[in-house]
Every structure is written in C-alpha cells, then in structure tokens.
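Worksheet: one structure, shown below.
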Amino acid sequence: MIATVVLVLRLALAIALYIFLGWALLTLWQELKQQGKSLSERKKTGISIAQKSEQGNAREFHFYQADIVIGRHTHCDIAVLDEVVSAQHARLTYHHGQWWLEDLSSTNGTFLNGSKVNTPTVVITDDEFKCGNTRFVIRVDADENAAIT
Amino acid sequence: MNRFLQDRLLKAAAVFMVLQGALLTLAPAVRARSLDADLRWTQWFAALMWGIPVFLVQRGITKRLPDADPYLFPAAAFLSGWGLLTIWRLDPHYGARQGLWFTISLIVLLFGLRLPTNLGFLRRYKYSLLTGGFLLVALTLLFGTNPIGFGPELWLGCCGVYFQPSETLKLLLIVFLSAYLSDRLAIRVRAFSLVLLTTIISGLGILLLLFQRDLGTASIFIALFTCMIYLATGKKRTLLFSAALIALFAVSGYFFIDIVHARVAAWLNPWADPGGGSYQIIQALLAVANGGLEGRGPGLGNPNLVPVAVSDFIYAAIAEETGLFGTLGLLALFGLILARGLRAALRAPDLFRRFCAAGISAYFGIQTILIIGGNLRLLPLTGVTLPFVSYGGSSLLTSFIALLFLLHISNHLDEEPAPLPQPQPYLILGALLALGLFAAALANGWWTVIRGPDLLTRTDNPRRVIADRFVPRGDIVDRSNSVITTTVGKIGELERSYVYPDLAPVTGYNHPKYGQAGLEASLDGYLRGLQGTPASTILWNQLLYGMSPPGLDVRLTLDLYLQFRADEMMFGHSGAVVMLNAQSGEILVMSSHPTFNPNHLEEIGSELRDDPEHPLINRAAQGLYPTGTVIAPFAQAVLGKETLTDAERETVYEAVGLQRTPQLQLEVAEPLSNSELNHFHVSPLQVALASAALSAHGVIPAPNIAAAVNTPAEGWVILPTLGTPTDAIPSELADEAVRALILEGNNFWSHIGQATEADSSVTWFIGGTPPNWGGTPIVIVVLIEENNPRLAQRIGEELIVDAMNP
C-alpha cells in the first residue's frame with residue numbers, strides 16, 4: 001500500500017522535473033517566436049539608390065528591406081551589367097538605426113565618396129559610392145515614420 | 001515577464017524538493033514493507049536550508065537585477081537542491097555541511113547582487129585577483145590538508161572548515177583572461193602576443209596544480225585556457241593544439257604518473273580488475289544499470305555502495321534512484337544553464353563581459369561533462385565535482401559566484417550587444433558542449449537499457465545479496481514437504497536457515513559472502529521468484545521495490561527419512577550414496593560425505609575451500625571414481641560375459657550410458673575418459689542410473705531431483721525432467737542378469753565391486769529390487785573411498801530393506 005503511494009509520489013517527482021523543463025522550453029520557444037516576429041515587423045527606414053552607369057543611364061531603386069546586395073549576379077538585389085563588378089560586390093545593411101555600406105571582398109573594391117571601403121561604413125543621403133564603373137547615389141528616407149504615414 | 005517566469009520555475013523546483021523530501025521520509029517504510037518503520041525526517045532541515053535562501057535570493061534578483069536571465073537561477077537552485085537532498089540521503093552529516101555551504105553561497109550571491117552590473121571592478125583588479133588566487137593555491141603547498149585525512153592535500157583550513165583554493169582559481173583564471181584579452185583585443189595586437197603572456201600565466205597555474213597532483217583541475221585549466229584563446233582569436237588551430245597537448249599529457253601521464261596510469265587503465269578496461277583499481281567505476285555502472293529507466297525511487301536504491309558517492313559519483317547515485325528519466329532531466333538542466341550562459345555571452349554589451357560569460361559557461365560545461373563522462377566510463381575518471389550538485393563547499397560557492405557573474409552579465413538594460421566579427425567560435429563552443437551532454441545521455445542509455453540487464457547479474461553486484469535480506473527466499477522441502485532449507489528473520493534481516501545441514505553438498509547454500517552452490521544455485525530462478533511467477537508480478541515488484549517478488553518453495557524428490565538413514569551410516573566415512581526410483585528416475589537419497597554445516601558458513605567458509613577432504617564437492621554427482629569390478633553385472637547383461645577386453649569394455653560403457661552426462665538440475669561431473677580405457681571414471685549417479693536399467697527391464701530413466709514448485713497461480717506445478725529415458729539393454733537380458741545377482745535369502749539383487757588405483761581404492765555396492773517386484777522399483781549405489789566391502793554391503797542392504805518396507 002505504502003509502496004503504491006510512494007510510486008505515485010515518484011511519478012509526481014518526475015512530473016515536477018519535467019514541468020520545470022517544459023515551462024523553460026515553452027517560454028524559450030515563445031521568446032524565439034516573439035523575437036522572430038518583432039524582427040520581421042521591425043520598422044525600417046527605406047532607402048533609394050540611384051544607379052548611374054558610365055553611359056549616364058540612371059535607374060532608381062527603392063527598398064524597405066534591411067539587406068541589399070549589389071553585384072553582377074542576377075540574384076542580387078541590384079544586378080549590374082558591368083564587367084568590372086564582382087558577382088557579389090557590396091552590401092547595404094540597416095542596423096543600429098543606420099544604413100551601413102560594406103564591401104564583399106570584391107575584386108576591384110567599393111569606393112565611398114572616392115575613398116575605398118574597408119570596414120562597414122555608415123552612409124547618409126547624397127553619399128555616392130562606386131562599384132566597378134557603376135556609380136550609385138543614396139537617398140535615405142527622411143523619417144522612420146514617414147514611410148508609414 | 002522575466003520575474004514571473006523565474007518565480008514559476010522556482011515554484012516547480014520547490015514542488016520537486018517537497019516531493020523528494022516526502023519520498024525520503026517514506027522510503028524506510030517501503031523498504032520494511034510496513035508503516036511500522038523508522039521514518040526519516042531530518043532531510044526536511046535540508047529542504048528548509050534550501051527554501052529560505054532561495055526565496056530571499058529570488059526577491060533580491062527581482063529587486064536588483066530585474067532584467068537578469070530568468071532561467072539561470074531557477075536551474076542552478078534546482079540542481080543544488082537536488083544535490084543537497086541526495087547528499088543528505090547518502091549521509092546526513094555531509095548533507096548538513098552542504099546545507100550550510102549552500103546557505104553561505106546564497107548569502108554571498110544575495111550581497112553580490114548589489115555589485116555594479118558592469119563588473120568593472122573585476123576587470124580593474126585582474127592581476128591582483130589572479131595573484132591572490134595563485135597565492136592561496138601556493139599556500140596549500142605549505143599548509144595544505146585533506147579533510148578526510150589522506151589523498152592530495154588541496155585544502156586550506158582547520159577545525160572542520162576547509163576551503164579548496166583551486167576551485168576559485170578556475171573562476172579567477174576566467175576573469176583574468178577575459179579582462180586581459182578584451183583589453184588587448186581593443187588595441188588590435190597580433191594573436192601571438194596575445195597568447196604569449198596568457199600562456200605563461202596559465203602554464204604557471206597548470207604547473208602549480210600538477211605539482212599539487214590536482215589533475216582534474218589542471219585538465220580543466222587547459223581546456224578553459226583553450227576556450228578563451230579560441231574565442232578571442234577565432235583560430236581553430238588553438239583547439240587542435242590544445243587537444244594535442246591534453247592527449248600528450250594523458251599519454252605521458254599514463255606512463256609516468258601512477259594515478260593517471262591507474263585511472264586510464266581503469267577506463268580502458270575496467271573489467272580486468274573489478275575488485276581493485278576499477279572497483280569504483282564498476283560499482284558506479286552497476287548503480288546506473290540498477291536505476292533502469294524509472295529509477296528505484298529516492299531513498300530506495302543502494303547508491304552508498306559506490307565509494308565517494310557524495311562528490312565524485314553523485315551522478316551515479318542520482319541515476320540509481322531516479323533512473324534514466326531523472327538523469328536526462330538533470331542533463332537538460334545543465335543544458336539550459338549552458339545555453340542561457342552562451343546567450344548572455346552573445347548579448348553582452350562589451351567584450352570583457354562576453355568572454356567572461358562564455359568562459360563561465362565553458363567552465364560549467366567542461367566540468368559537468370568531465371565528471372559525468374567519468375561516471376559513465378565515457379572519459380577517464382577525474383576527481384572534479386559536478387557543479388551545483390556534488391558535495392563540496394568551495395565548489396558550490398565558486399559555482400554560485402560564477403552564476404552571480406552570469407546574472408549580472410545577462411542583466412543588460414537595453415544596451416546593444418557588442419559587435420561580433422566572428423560568431424563561429426561561440427557556435428562551435430556551444431555545439432561541443434551540447435555534443436558532450438548528448439554523449440553523456442547516450443552513454444547513460446547504453447548502460448541502463450542495453451548493458452544493464454547483463455551487468456546486474458554480475459557476481460560483484462551486491463544488490464542481489466541485499467535483496468535476499470528483504471525478500472523471503474523460497475523453501476526447499478522433501479517429497480513429503482518436510483523442510484530442508486528455509487528463510488528466517490524479519491524483513492531487512494532475513495537469512496537462510498539449513499534445517500537439514502547434512503544435505504549441504506547437494507542442496508548447497510545461499511550466502512552473502514560465498515555466493516550460491518548446489519540446488520540453491522541451480523534452482524535460484526524459482527527460489528528467488530523470478531521463474532514461475534507471472535511476469536506482471538515480477539514487473540510490479542521491480543517497480544515498487546526494485547527487487548524480485550517473494551521466492552517460491554521447491555519440492556525435491558528426496559525422502560528425508562531414507563536420507564537421514566544414509567547419512568547416519570555414512571558418518572565418519574568418505575563417499576556417497578545414491579538411491580533412485582528405478583522407473584521414474586526420482587532421486588530418493590543423495591548423500592555425500594564428509595559434509596559441512598552451511599549454517600556456520602560465515603566462520604568456516606574459508607577453511608572449507610582449502611579442506612583436503614573437499615566437503616564442498618557433491619561426491620554423488622560430481623565425484624568421479626574408477627569402476628573396477630562394479631561393471632561386471634552390466635557386462636553380463638550386455639555381452640553375456642564378465643571378463644572384457646578394452647574394446648568390449650567401451651561397448652558396455654556406451655550401452656549403459658556411463659559415457660553420457662546425466663541431465664539434472666544440479667552440477668554434474670562430465671565423464672572423464674583418459675586415453676587408456678580402463679581409466680574410465682564415473683560418478684555414483686551414473687552407476688545408479690545404469691543400475692536402474694537392470695531393475696527396470698533395461699530402460700535408463702531420466703534422473704530428477706526437483707519435483708515441483710509451488711506457484712502462486714496454480715499451486716504445486718510438476719517440474720519436468722531434463723533428460724528422457726533411454727533403452728539400454730534388451731529387457732530379457734537385463735532381467736536374466738539381475739536374477740543371477742539375487743543372493744540366497746534376499747528379495748533384492750546386489751553386487752559388490754572394487755577398484756584400486758595408484759595407492760587408493762574404492763568399494764562399490766549396487767543393488768535393487770528384482771524385475772518382478774510389485775512395489776516401487778528401487779536401486780541404490782553406495783560408494784566408499786576405502787577398501788571395505790563389508791561396510792558398503794551393510795549400508796546398502798540396510799537402506800534397500802528400509803526402502804522396500806516403508
């Protein structure tokens with residue numbers, strides 16, 4: 001009789017252990033979900049990039065995403081028809097409330113306002129950067145809320 | 001949200017502690033199988049010593065570090081509470097000390113919560129802190145003691161309070177390396193210059209520890225140093241280099257340092273020396289195997305059988321009492337701490353705190369994997385503690401200070417994480433630690449599920465002997481249910497009582513020190529209740545008590561009256577008597593002399609083993625004797641003549657089954673055939689079976705000694721014979737041969753044979769009922785190890801007359 005009571009208590013003991021772990025796992029998962037959601041819904045500042053080729057043709061792109069890759073490859077967000085541009089040449093990313101320009105170890109380098117980009121660098125409106133023979137001019141959307149309202 | 005979660009997790013932990021306390025209280029009642037037992041209450045002190053400080057610290061964290069990680073403290077509190085109750089259950093004295101240290105640790109933690117949350121003071125005083133740590137360890141060179149009185153002298157202190165500085169040194173090394181590396185990385189120096197000074201300092205520490213023979217801490221030092229350098233430089237070659245260094249240490253240690261040699265040898269092949277160098281590890285594996293999936297229940301296992309279960313082998317103790325389900329939970333708790341620690345590292349606002357958090361996680365992880373791996377024979381045993389769980393004040397205090405740092409580091413108030421140029425080292429560190437825990441879980445499963453059943457049948461598993469004290473073993477009774485061997489005493493002190501001790505060479509014994517012999521060994525399945533009991537009953541008993549169900553009584557074919565007559569007449573002589581029912585093969589008498597009294601086995605056991613008279617041997621079934629002239633009647637029956645050539649002799653042996661091993665629930669000698677045929681030796685049992693063919697119209701019966709077993713479901717169930725009857729001699733030839741052996745005035749046949757070999761001789765008497773006998777057909781064989789035909793004849797004739805006139 002007493003042994004059966006103890007068996008039930010032993011079962012309860014195991015359940016207490018796994019309730020602890022279950023709660024931990026459940027909340028970790030919820031946190032993960034929450035984080036994913038908040039990251040995907042994070043307010044972004046849009047950016048406009050005007051591409052100017054040697055011939056003077058201009059194309060203008062506007063992005064709301066936080067990660068833009070520029071290169072010759074067709075999968076790039078801005079695919080450039082320029083033989084001296086590497087397949088994946090440069091990247092623009094938005095974090096810490098700013099847009100950053102970064103060279104993706106391209107063959108011919110990325111130049112921001114004439115100087116070579118070695119580390120991720122903050123860019124602002126009217127900055128001009130050059131990949132191969134192609135020039136880009138940046139215009140960051142004025143205000144975070146401007147894009148929404 | 002954070003505080004709410006922490007509160008809830010701590011409540012679950014508190015429920016666990018209360019349940020475990022209640023289980024420990026009730027455990028003695030389950031062992032004694034009645035409520036009328038000494039219930040255990042003292043562990044509730046431990047529950048209080050756990051509960052009150054945990055409650056205070058919980059409030060402190062809510063107030064001082066509201067954003068700290070909500071999983072870290074509950075998981076650590078859970079582990080240390082679990083450890084505390086386990087230690088208390090193993091040894092209340094150690095438990096009380098651990099409880100005290102736990103209270104001290106949490107008070108330190110409580111005050112530590114007031115520290116500035118950026119831990120800047122650690123960074124500033126890195127050199128002083130490390131030097132202080134070194135000095136304390138160096139002091140153990142001069143004033144070191146060991147609280148248990150022997151072994152490495154790694155402790156400082158006196159009068160019952162001891163502290164092991166090398167525990168703290170691990171944490172100080174992490175703090176120093178974090179501070180130094182983060183300062184130097186900021187000014188972007190080359191990797192080489194980073195490594196140089198740290199190597200010198202860490203190497204100094206390792207040398208100090210090696211000198212102190214604190215090999216466990218030294219190996220953790222190397223591993224921690226490697227981790228920190230790898231995290232700082234991101235160069236994988238540091239990992240490879242360090243792995244090579246540790247391997248080199250292990251190999252050179254194996255050849256030059258005794259203790260390393262012993263540990264590695266015990267790891268590589270523990271089965272070679274189960275009573276010596278690998279006693280601990282094998283007992284630990286037995287404990288893990290005994291735990292099985294569900295565990296024996298807190299307070300219901302026997303983890304005290306493993307030496308130093310409170311510290312080095314606490315994992316085995318927990319595995320035995322909570323099973324694989326419990327230990328998987330334990331590993332998951334460690335996994336939770338490691339994962340949250342590494343997360344705190346990645347989110348840390350600056351490099352110092354990032355390195356510090358990662359180093360502390362690595363410290364918890366490496367130490368956990370080292371000692372659990374050592375318990376499970378995954379790694380060689382290193383005498384390190386299981387963080388938060390093992391007995392050891394310095395270890396517990398250091399673990400909680402490390403936890404305090406992690407809490408501070410995780411308490412960032414909306415600060416952006418520091419930039420992370422290379423996330424890979426953190427991922428690899430996390431993956432390695434996870435892999436280690438996973439490997440421990442797999443090893444645990446292996447010993448529990450796959451190797452467990454085999455391991456538990458090992459003779460050095462003391463649990464069978466313990467079970468014999470708690471579960472009544474079945475009785476052995478004769479054909480009319482007179483008790484031969486029984487179990488006496490109350491539960492917890494049961495012991496075997498041999499009511500008819502002269503049968504000892506046949507019925508054997510079941511003894512805690514000398515094991516089992518005779519029928520006690522061959523019928524162990526029934527006597528222990530593992531055979532003949534429904535599988536559900538066995539499972540239920542295993543689940544409730546971790547023991548086999550009550551044993552079943554076994555009825556033998558022996559007739560105690562005739563057995564008594566035989567023993568009485570054999571007293572003072574060496575030899576054997578076997579009496580059979582010639583038709584059914586039931587053994588009515590099996591006497592072997594000299595015999596011994598198994599009730600006194602404890603005192604006489606060691607002498608018996610070396611006794612030149614060999615009283616332990618059952619001469620009737622295991623003794624092999626030359627046949628000499630005893631085979632004349634068989635020769636007459638088979639070939640019609642009494643003098644034989646060697647080839648004919650073999651034909652006769654073959655015909656009457658003297659070359660076959662009798663099939664019986666007893667240990668039986670294999671027939672021994674030397675190259676010379678007249679050196680054929682046979683046992684009295686074989687001769688008795690051959691003689692049965694003469695009395696039973698030429699058929700050799702299948703011998704039988706265990707008649708029936710008293711099962712709970714169906715009452716007495718007949719046990720089948722192991723062999724089958726065989727036709728040996730044509731019926732009329734057998735009858736004819738026997739008639740010639742009936743002496744004037746007797747109503748039975750008899751024959752006396754003698755054999756002489758070297759300087760010893762034996763006398764045989766065989767006899768039996770005539771073929772036309774109306775009652776139970778009986779044959780008897782008497783063998784005495786002396787040249788004394790008259791004695792053999794007297795014993796044989798008196799017994800046969802007794803048997804024929806019941």
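Where a number appears in this text, it was derived from the coordinates with a stated rule and is not lab data. Note that the coordinates shown come from a computational prediction; the quantities given were computed from them, not determined experimentally. In this analysis, Cβ positions are derived from the backbone assuming ideal geometry, glycine residues included, and neighbour counts consider all displayed protein chains.
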Next item on the list: Can you figure out the FRET efficiency of B:Asp7 with B:Leu139, using R₀ = 35 Å and their beta-carbon distance, to the nearest 0.05?
Entry: 0.25
Margin query: Under a crude label model (7 Å from the Cα following the beta-carbon direction), how far is B:Ala250 from B:Leu100 in nanometres?
Written below: 3.9
Item checked: Prolate/oblate/rounded label for the stretch A:1-42 (Cα gyration tensor, a/c 1.5) -> prolate
Next item on the list: Set the Förster radius R0 to 30 Å, insert the Cβ-Cβ distance between A:Ser38 and A:Thr119 as r into 1/(1 + (r/R0)^6), and round the FRET efficiency to 0.05.
Entry: 0.60
Notebook entry, point to check: Does the stretch B:251-409 come out rounded, prolate or oblate, given a ≥ b ≥ c as the square roots of the eigenvalues of its C-alpha gyration tensor, rounded meaning a/c under 1.5 and, failing that, prolate meaning a/b above b/c?
Noted result: oblate
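Take peptide B:15-28, look around each residue's Cβ out to 10 angstrom, count Cβ atoms belonging to other protein chains, and average those counts.
If you average over the peptide's residues, the count of other-chain Cβ atoms is 4.
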Notebook entry, point to check: What ranking of B:Asp7, B:Asp478 emerges when the number of other C-beta atoms within 10 Å of each C-beta is taken as an exposure proxy, fewest first?
Noted result: B:Asp7, B:Asp478
Next item on the list: Putting +1 on Lys and Arg Cβ atoms and -1 on Asp and Glu Cβ atoms, find which of B:Asn599, B:Leu588, B:Leu616 reaches farthest to the positive end of the dipole of the stretch B:581-631.
Entry: B:Leu588
Next item on the list: Could you grab the relative contact order for the stretch B:598-721? Cα pairs under 8 Å, six or more apart, rounded to a whole percent.
Entry: 23
Next item on the list: Kindly identify chain B as rounded, prolate or oblate by the Cα gyration tensor criterion: order the square roots of the eigenvalues as a ≥ b ≥ c, call it rounded if a/c is under 1.5, otherwise compare a/b with b/c, prolate if a/b is larger, else oblate.
Entry: prolate
Note to self: Explain nothing, just the number: dipole magnitude of chain B about its Cα centre with +1 on each Lys and Arg Cβ and -1 on each Asp and Glu Cβ, in debye rounded to the nearest 20.
What the structure shows: 6520
Checklist line | Leading residue at positive end of dipole, chain B (Cβ point charges), from B:Pro349, B:Ala434, B:Pro720 | finding: B:Pro349
Item checked: Qualifying lysines (Cα of each under 19 Å from Cα of A:Lys116; at least 8 residues distant if same chain) -> A:Lys52, A:Lys130
Next item on the list: Any chance you could tell me what percent of the C-alpha pair distances in the protein assembly as shown go past 36 Å?
Entry: 64
Next item on the list: Could you grab the relative contact order for the stretch B:308-399? Cα pairs under 8 Å, six or more apart, rounded to a whole percent.
Entry: 29
Item checked: Nitroxide proxy distance, nm - points 7 Å out along Cα→Cβ at B:Glu650 and A:Thr4 -> 6.8
Check: Which residue, chosen from B:Ala707, B:Asn788, B:Gly775, occupies the Cα position most advanced towards the positive end of the dipole of the stretch B:665-806, where the dipole is computed from +1 (Lys, Arg) and -1 (Asp, Glu) charges on Cβ about the Cα centre?
Finding: B:Gly775
Next item on the list: Quantify how much of the Cα-Cα distance distribution of the stretch B:678-806 extends past 19 Å, in percent.
Entry: 56
Notebook entry, point to check: Quick one: B:Leu543, B:Leu285, B:Leu503, fewest Cβ neighbours within 10 Å first, how do they rank?
Noted result: B:Leu543, B:Leu285, B:Leu503
Checklist line | Fewest-first ranking of B:Leu376, B:Leu239, B:Leu207, using other Cβ atoms within 10 Å as the exposure measure | finding: B:Leu207, B:Leu239, B:Leu376
Next item on the list: Before anything else, pin down the relative contact order of the stretch B:476-535: Cα pairs under 8 Å, at least 6 apart, normalised by residue count, whole percent.
Entry: 17
Note to self: Using 23 Å as the Cα-Cα cut-off, could you pick out the over-long pairs in B:Lys11/B:Lys63; B:Lys63/B:Lys170; B:Lys11/B:Lys170?
What the structure shows: B:Lys63/B:Lys170; B:Lys11/B:Lys170
Note to self: What does the net charge come to around B:Leu397 if you take all other residues with beta carbon closer than 15 Å to its beta carbon, with K and R at +1 and D and E at -1?
What the structure shows: +1
Check: B:Lys235 versus B:Glu667, label points 7 Å from Cα toward the beta carbon: distance in nm?
Finding: 6.6
Next item on the list: Go ahead and run the numbers for FRET between B:Phe211 and B:Tyr125, Cβ-Cβ distance against an R0 of 35 Å, rounding to 0.05.
Entry: 0.85
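Taking the Cα centre of the stretch B:583-678 as origin and charging only Cβ (+1 Lys, Arg; -1 Asp, Glu), how large is the dipole, in debye to the nearest 20?
Dipole size: approximately 400 debye.
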Item checked: Within the protein assembly as shown: Cβ-based charge dipole about Cα centre, in debye rounded to nearest 20 (Lys, Arg +1; Asp, Glu -1) -> 6040
Item checked: chain B: calculated mean residue ellipticity at 222 nm from DSSP helix runs of at least 4, using -39500 (n - 2.57) -> -17500 deg cm²/dmol
